[in-house]
Amino acid sequence: MILHRRGVMVRIQLGAGWGLCGSFLCMAQSERFQLSVRVLAVLASEPDTMHTSAAIAETLGESAVMVRRMFLLLHKAGLIVQRKGPHGGAKLKIPAKQIGLGDLFEATAGDWFSIEDKAVAGWIKKVKGDAVAAMNEHSLAGVVKRMKKGK
């Protein structure tokens, strides 16, 4: 999608490609971020236990396929470890208190926004960096704590 406003052309990339598609990578950023927080919250609730995608999917009322696809993003970002086999699954690689929500956002964001104007693109990059830093003031451990309180 290309938007023109006050002489500045802005190109917005939707999902992993241009346009709309039905794949996991094209899932809306907010949905991927929300699912990643929920998956990691389950892992953080028992950090020393390997959790299968099927068990997490059942707990969250989600598709096991979507949870496995989320595992791929979280593993690539270095947030979880995975093991195959009968005693396989996933668990946190680092403690929940060291996982900032901004880092989690970055892990799931994908390439969803680009601007052709270099001056504006540099500014947007700074704004995004500031937003990620602000999000990192909150950790996964804080989310888990609030979930346990029911808030």
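Test Ala134 against the criterion of being out of contact with any Asp or Glu (no Cβ under 8 Å at 6 or more places or on another chain) and within 15 Å of Phe33 (Cβ to Cβ), and give yes or no. Steps first, answer last, please.
On the way: out of contact with any Asp or Glu (no Cβ under 8 Å at 6 or more places or on another chain): yes; within 15 Å of Phe33 (Cβ to Cβ): yes.
It is true that Ala134 is out of contact with any Asp or Glu (no Cβ under 8 Å at 6 or more places or on another chain) and within 15 Å of Phe33 (Cβ to Cβ).
If you go through region 121-150 and keep only what is under 18 Å from Lys97 (Cβ atoms) and basic (Lys, Arg), you end up with Lys145, Arg146, Lys148, Lys149. In a residue-by-residue description of region 100-108, the property of being of a type in the set (A, V, I, L, M, F, W, C), out of contact with any Leu (no Cβ under 7 Å at 6 or more places or on another chain) and surrounded by fewer than 17 Cβ atoms within 10 Å (Cβ to Cβ) applies to no position. The one condition from (1) surrounded by fewer than 15 Cβ atoms within 10 Å (Cβ to Cβ); (2) more than 22 Å from Ala44 (Cβ to Cβ) that Lys128 does not meet is (1). Evaluation of Ile56 against the conditions (1) buried (at least 17 other Cβ atoms within 10 Å of the Cβ); (2) touching a Gly at 6+ places or on another chain (Cβ under 7 Å) shows that the sole unmet condition is (2).
When only residues in region 109-123 that are surrounded by 12 or more Cβ atoms within 10 Å (Cβ to Cβ) and either in contact (Cβ under 8 Å) with a residue 24 or more places away in the chain or among the acidic types (Asp, Glu) (or both) count, which is farthest from Leu35 (Cα to Cα)? Outline the logic, then answer.
So the first thing to find is which residues in region 109-123 are surrounded by 12 or more Cβ atoms within 10 Å (Cβ to Cβ), and the list is 109-110, 112-113, 115, 117, 120-121, 123.
In the following step, the residues that additionally are either in contact (Cβ under 8 Å) with a residue 24 or more places away in the chain or among the acidic types (Asp, Glu) (or both) were identified as 109-110, 112-113, 115, 117, 120.
Working: Ala109: 12, Gly110: 14, Trp112: 17, Phe113: 20, Ile115: 27, Asp117: 33, Val120: 31 Å.
Selected residue: Asp117.
Scanning region 137-151 for residues that are of a type outside the set (Gly, Ala, Ser) and either assigned to a helix (DSSP H, G or I) or buried (at least 19 other Cβ atoms within 10 Å of the Cβ) (or both), which turns out modelled with the highest pLDDT? My answer is Leu140.
Residues are listed down the side, and each one gets a yes or a no for (1) of a type in the set (D, E, K, R); (2) within 22 Å of Lys148 (Cβ to Cβ); (3) at pLDDT 95 or above:
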residue	(1), (2), (3)
Cys21	no, no, no
Val65	no, no, no
Leu74	no, yes, yes
Arg83	yes, no, no
Gly88	no, no, no
Leu92	no, yes, yes
Gly100	no, yes, yes
Trp112	no, no, no
Lys125	yes, no, no
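Quick one: is Lys76 closer than 18 Å to Val143 by Cβ and open to solvent by 20 Å² or more (accessible area, probe 1.4 Å)? The answer is no for Lys76. Say we look at region 79-99 and pick out the residues that are touching a helix residue (DSSP H, G or I) at 6+ places or on another chain (Cβ under 9 Å), free of Cβ contacts under 8 Å to residues at least 40 places away in the same chain and part of a loop (DSSP other than H, G, I, E, B); which of these is most open to solvent (accessible area, probe 1.4 Å)? Only one residue fits best here, namely Lys93.
The values are calculated or read from the model by the stated rules, or taken from the named source; none is laboratory data. Every value quoted in this text rests on a predicted model; they were computed, and no experiment measured them. Please note: Cβ atoms are built from the backbone with ideal geometry, for glycine as well, and neighbour counts cover all protein chains shown. The protein model used for the area step is the full one, side chains on, heavy atoms only, and it has no ligands, DNA or RNA in it. Shrake-Rupley method; radii C 1.70, N 1.55, O 1.52, S 1.80 Å.
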